[in-house]
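Below is one structure, written out as structure tokens, with a few remarks after it.
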Amino acid sequence: MVIDLPALLNIRQELATAGKTVVFTNGCFDILHRGHVDYLQAAKALGDVLIVGVNSDASVRRLKGEYRPIVPQADRAFILAALKPVDYVILFEEDTPAELIRNIVPDVLVKGGDYPIDQIVGREIVWQHGGEVKTIPLTAGRATTNIIEKIRHIYHSTEGGRMSYFATIESLVKQGTIESVLKRGSTNKEAIKALQQLLFQLGFGNELNWDKYGADGDYGGSSTAAVKAFAAKNGISASGEVVTTTIGQKLLDRYAILDDLRHLKSAIDKGKVEAFLYRGSPHKEAVVALQTLLNELGYGEELNWDKYGADGSYGGSSTAAVKAFAAKEGFSSDGTKVTAAMAQRIVDKLSTYYGDGWEGSEVAVRSGSGDLTIKEYTRRGRQRVCISDGSVEKEFVKFKKGVYTYGNQKAIDVVNANRSQLTQLGLTDSALNVMVAVSENEGNLDAINTWDNSFMTFGMFQWTVGARNDPGELPALVKKIKDKDAAVFQTYFGQHGLDVVNTDAISGYFTLNGHKIGSASEKERFRTYEWAFYFWKSGQDPLVQMIEIQHAMSRIDTFYRAPAYKVKGYFIADLVTSEYGVGLLLDNHVNRPGYVKGCLEEALKQTGLSNPAGWGTAEERQLIEAYLKIRETYGRYPMTHASKRAAVTKKYLDNGTISDERHSFQW
């Protein structure tokens, strides 16, 4: 029975008179599942009557974010009241049931096993009246958040949560139902629309008669013609009246490399192939596209694909693959760079599998997502996404699973304009000098990348949420923002349900709507357009920018006096004490953190230096000179553009911004 407070208080008095044991528990109970039922059965077993307090919609929204609850309060209360273990259900508007418990005074207060007893709201009230407070173990693997995450994963789309056309076709292929769903005359309009959208992206707009019909959900003559044309392009004999499993899988395969093909074609059109594609290139997106396309052409063995995949590093394996491709296609090349002619050959060989419009259209597609307006379109051969919240808008480049932008907020400008405020954040003038020298080699303060294996990358040092199930440095940055200014944190992150947990000064985890985001599957939600925009927008805020710089400099703490980085028994802080030297090491640590210690060990060995307590500036300069040569070739994947990066740092030594005098670095 769903009941209000006055009626419940009358019943409570009657139950007390009758000597009945009243059990109380509470929760949101949004999307009821087996774990809830198991829990309520166990709670009822602790007494005679079970009362369940249910958070109102407004309360759930405050606790779990603007997109919750999924199920409205009236429905949640009605469903709970229909369960056998539940005797009474009462809604409450507050964030906690403290006031409700104070009125009811249950004999037994129960919560799930994820709550420590000393954190259960209302415990003191119950104890004061001689009652008991208990916890019940939760059913493993059963949680509303998990259900929502599974739905989001299956129906994931960066277009505001609608099931993406790729995911729709992929699901039909995996389920083995594609041939019964995607055929001429089918009434499954949503699946047909997904097919039409996919075929349009693959370049078959003419066959679909797109300008007239678009994605109308009708599998008629135009869809039949498009399916037949795609099949023919891919060596499959078909009438087009049904999408077979073979055709469906080929659609997915071709779409999977479409971004890569467009990326390479864009580089050709802009005359940027040789500027992007060479051994040691820092242009990760371009290298990933090249590797993906070469693997598609059959050079996976040379790429060592099973081990490295498309890792964005143009090293030995990519060199071997490019060399093999060149030899087969009649180009003279040692594989260390890709020419425009070679890139065009790659595009020519693969574009034959697509329709005439595969490079994309200039027509924009608009979609709404919460408080944002999202516009998707193709410009200069690249898929782009423009996101606006009504006050600002930003264009991102769509690539693979997400988007990216290099941003335009430069750290050096922020340092030069805000020195006094930055010193108030604890940074010395010496540290700021080092930041100026290093920042030119790093990313912009509002740079975003949501397409690679780290899910979300933000800021000048490319802080991430952490690969796989690992903690990331980005939560540590957000924690610093929260600690410094709660209002700023709320503006960019808190109002969207984001918070941090298990986070120290270096790394940690995010929570979304109170749920810890620890697994790779959960981190996938940071690839959405919304989160790219929210983080980018935060990068426009002066306070966030200054905290980024503070956070960047705190990276020094991870190696400068860290026992794990000791070199021949000495802290790095004993060996390198100049602003110039520290700047070089910080630059190295951002690019190849695992190489700093080894490079210094080799430098000590080559120079024969020891006992740094007796060093002067000459000895440190000798060590740094040796170190710079070593880091150019050290390790399996040497530091990217080591000499060029060093030259940038030295520019600031030459102009007097930083010093190479021993003990000039003050930290």
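Wholly within segment 1-94, which helices (runs of 4 or more DSSP H) include no fewer than the required count, namely at least 2 residues that are without any contact (Cβ under 8 Å) to a residue 24 or more places away in the chain? Steps first, answer last, please.
Numbers: elements: 5-17, 34-44, 57-64, 73-81.
By residue number, 5-17, 57-64, 73-81.
Filter segment 86-99 down to the residues that are over 39 Å from the mean Cα position of the chain (by Cα) and modelled with pLDDT under 95 and list them by number.
Glu99
Take Ala618 and decide whether it is free of Cβ contacts under 8 Å to residues at least 12 places away in the same chain and either assigned to a loop (DSSP other than H, G, I, E, B) or within 30 Å of Asn416 (Cβ to Cβ) (or both). Walk me through how you get there before you give the answer.
Working: free of Cβ contacts under 8 Å to residues at least 12 places away in the same chain: yes; either assigned to a loop (DSSP other than H, G, I, E, B) or within 30 Å of Asn416 (Cβ to Cβ) (or both): no.
So Ala618 fails the test.
Scan (1) charged (D, E, K, R); (2) in contact (Cβ under 8 Å) with a residue 60 or more places away in the chain; (3) closer than 30 Å to Asp311 by Cβ for the single condition Asp389 breaks and write down its number.
Unmet for Asp389, out of (1) charged (D, E, K, R); (2) in contact (Cβ under 8 Å) with a residue 60 or more places away in the chain; (3) closer than 30 Å to Asp311 by Cβ: (3).
Strands (runs of 3 or more DSSP E) wholly in segment 437-547 with at least 2 residues that are surrounded by fewer than 22 Cβ atoms within 10 Å (Cβ to Cβ) and in contact with a His (Cβ under 8 Å, 6 or more places away or on another chain) - which ones? So that I can check it myself, show each step before the final result.
Numbers: elements: 498-501, 509-512, 515-517.
The strands (runs of 3 or more DSSP E) meeting that bar number zero.
Filter segment 101-119 down to the residues that are farther than 18 Å from Thr21 by Cβ and either surrounded by 21 or more Cβ atoms within 10 Å (Cβ to Cβ) or not assigned by TED's automatic domain parsing to the domain that holds Ala45 (or both) and list them by number.
If the condition is that a residue be farther than 18 Å from Thr21 by Cβ and either surrounded by 21 or more Cβ atoms within 10 Å (Cβ to Cβ) or not assigned by TED's automatic domain parsing to the domain that holds Ala45 (or both), then no residue fits.
Tally the residues that are touching a residue at least 60 places away in the same chain (Cβ under 8 Å) and not hydrophobic (A, V, I, L, M, F, W, C), restricting the search to segment 95-112.
Residues in segment 95-112 being touching a residue at least 60 places away in the same chain (Cβ under 8 Å) and not hydrophobic (A, V, I, L, M, F, W, C): 6 in total.
Being in contact with a helix residue (DSSP H, G or I) (Cβ under 8 Å, 6 or more places away or on another chain), polar (S, T, N, Q) and more than 20 Å from Ile624 (Cα to Cα): is that true of Gln540 here?
Numbers: in contact with a helix residue (DSSP H, G or I) (Cβ under 8 Å, 6 or more places away or on another chain): no; polar (S, T, N, Q): yes; more than 20 Å from Ile624 (Cα to Cα): yes.
For Gln540, the condition - in contact with a helix residue (DSSP H, G or I) (Cβ under 8 Å, 6 or more places away or on another chain), polar (S, T, N, Q) and more than 20 Å from Ile624 (Cα to Cα) - is not met.
Of all residues in segment 200-237, count the ones that are without any contact (Cβ under 8 Å) to a residue 60 or more places away in the chain and either in contact with a Lys or Arg (Cβ under 6 Å, 6 or more places away or on another chain) or surrounded by fewer than 18 Cβ atoms within 10 Å (Cβ to Cβ) (or both).
Residues meeting the conditions: 18.
With the condition kept exactly as written, say whether any residue in segment 281-301 is surrounded by fewer than 17 Cβ atoms within 10 Å (Cβ to Cβ), small (Gly, Ala, Ser) and at positive phi.
yes
For segment 528-552, name all the residues that are of a type in the set (Ser, Thr, Tyr) and modelled with pLDDT under 95.
Here is the first cut: in segment 528-552, the ones of a type in the set (Ser, Thr, Tyr) are 528-529, 534, 538.
Hits for segment 528-552 are Thr528, Tyr529.
So, Gly360, is that one within 28 Å of Leu202 (Cβ to Cβ) and not aliphatic (A, V, I, L, M) or not?
Details: within 28 Å of Leu202 (Cβ to Cβ): yes; not aliphatic (A, V, I, L, M): yes.
Taking the combined requirement at face value, the residue satisfies it.
Being at pLDDT 95 or above and of a type in the set (Asp, Glu): is that true of Glu285 here? So that I can check it myself, show each step before the final result.
Numbers: at pLDDT 95 or above: no; of a type in the set (Asp, Glu): yes.
Criteria not met by Glu285.
If you take the residues of segment 296-341 that are aromatic (Phe, Trp, Tyr) and outside any loop (DSSP other than H, G, I, E, B), which of them is modelled with the highest pLDDT? Give the derivation first.
Of all residues in segment 296-341, those aromatic (Phe, Trp, Tyr) come to 299, 305, 308, 314, 325, 331.
Narrowing further to those that are outside any loop (DSSP other than H, G, I, E, B): 305, 308, 325.
Details: Trp305: 94, Tyr308: 88, Phe325: 97.
Filtering first and then ranking leaves Phe325.
Run Glu601 past the list (1) crowded, with 16+ Cβ neighbours inside 10 Å; (2) out of contact with any Leu (no Cβ under 8 Å at 6 or more places or on another chain) and report the number of the one that doesn't hold.
Result: Glu601 passes all but (1).
List pairs: first in segment 392-404 and surrounded by fewer than 19 Cβ atoms within 10 Å (Cβ to Cβ), second assigned to a loop (DSSP other than H, G, I, E, B), Cβ under 6 Å, 6+ apart or cross-chain?
As it stands, the answer is Lys401/Trp451, since those pairs meet every condition given.
Within segment 421-429, identify whether any single residue is without any contact (Cβ under 8 Å) to a residue 24 or more places away in the chain, in contact with a helix residue (DSSP H, G or I) (Cβ under 8 Å, 6 or more places away or on another chain) and not acidic (Asp, Glu), and answer yes or no.
Yes, the conditions are met somewhere in segment 421-429.
Out of everything in segment 13-32 that is within 23 Å of Asp75 (Cα to Cα) and of a type in the set (A, V, I, L, M), what residue ends up being modelled with the highest pLDDT? Walk me through how you get there before you give the answer.
So the first thing to find is which residues in segment 13-32 are within 23 Å of Asp75 (Cα to Cα), and the list is 23-32.
Filter once more, so that each one left must be of a type in the set (A, V, I, L, M): 23, 31-32.
On the way: Val23: 97, Ile31: 87, Leu32: 89.
By that ranking, first place goes to Val23.
Looking at (1) buried (at least 20 other Cβ atoms within 10 Å of the Cβ); (2) in contact with an Asp or Glu (Cβ under 9 Å, 6 or more places away or on another chain); (3) at pLDDT below 90, which is the one condition that is false for Tyr165?
(2)
Can you work out which of the residues in segment 30-43 that are of a type outside the set (A, V, I, L, M) and crowded, with 20+ Cβ neighbours inside 10 Å is nearest to His515 (Cα to Cα)?
Filtering segment 30-43 down to residues of a type outside the set (A, V, I, L, M) leaves 30, 33-36, 38-39, 41.
Narrowing the set further to residues that are crowded, with 20+ Cβ neighbours inside 10 Å leaves 30, 36, 39.
Working: Asp30: 14, His36: 17, Tyr39: 19 Å.
If we take residues in segment 30-43 being of a type outside the set (A, V, I, L, M) and crowded, with 20+ Cβ neighbours inside 10 Å, then Asp30 is nearest to His515 (Cα to Cα).
Working only within segment 278-295, note down all residues that are outside any helix (DSSP H, G or I) and over 26 Å from the mean Cα position of the chain (by Cα). Let's see the steps before the verdict.
Restricting attention to segment 278-295, the residues satisfying the condition of being outside any helix (DSSP H, G or I) are 278-283.
Selection gives Tyr278, Arg279.
Taking the residues in segment 624-667 that are β-branched (Val, Ile, Thr) and assigned to a helix (DSSP H, G or I) as candidates, determine which candidate is nearest to Tyr595 (Cα to Cα).
Here is the first cut: in segment 624-667, the residues β-branched (Val, Ile, Thr) are 624, 630, 633, 640, 648-649, 657-658.
Going one step further and asking which of them are assigned to a helix (DSSP H, G or I), we end up with 624, 630, 648-649.
On the way: Ile624: 15, Ile630: 10, Val648: 20, Thr649: 18 Å.
Restricting to residues being β-branched (Val, Ile, Thr) and assigned to a helix (DSSP H, G or I), the top hit is Ile630.
Find the residue count for segment 620-667, including only residues that are crowded, with 16+ Cβ neighbours inside 10 Å, small (Gly, Ala, Ser) and over 27 Å from Leu277 (Cβ atoms).
3
What number goes with the only condition from (1) over 24 Å from Glu632 (Cα atoms); (2) of a type outside the set (S, T, N, Q); (3) assigned to a helix (DSSP H, G or I) that Gly271 does not pass?
(3)
Given (1) within 30 Å of Thr339 (Cβ to Cβ); (2) surrounded by fewer than 17 Cβ atoms within 10 Å (Cβ to Cβ), identify the lone condition not met by His263.
If we test His263 against (1) within 30 Å of Thr339 (Cβ to Cβ); (2) surrounded by fewer than 17 Cβ atoms within 10 Å (Cβ to Cβ), just (2) comes out false.
In the list Tyr255, Tyr278, which residue meets the criterion of being hydroxyl-bearing (Ser, Thr, Tyr), under 21 Å from Thr378 (Cα atoms) and touching a residue at least 40 places away in the same chain (Cβ under 8 Å)? Before you say what the answer is, go through the steps one by one.
Details: Tyr278 fails: under 21 Å from Thr378 (Cα atoms).
Exactly one residue qualifies, and that residue is Tyr255.
The values are calculated or read from the model by the stated rules, or taken from the named source; none is laboratory data. The model shown is predicted, which means the values in this text are computed figures rather than measured ones. All Cβ positions, glycine included, derive from the backbone under ideal geometry; neighbour counts span all protein chains shown.
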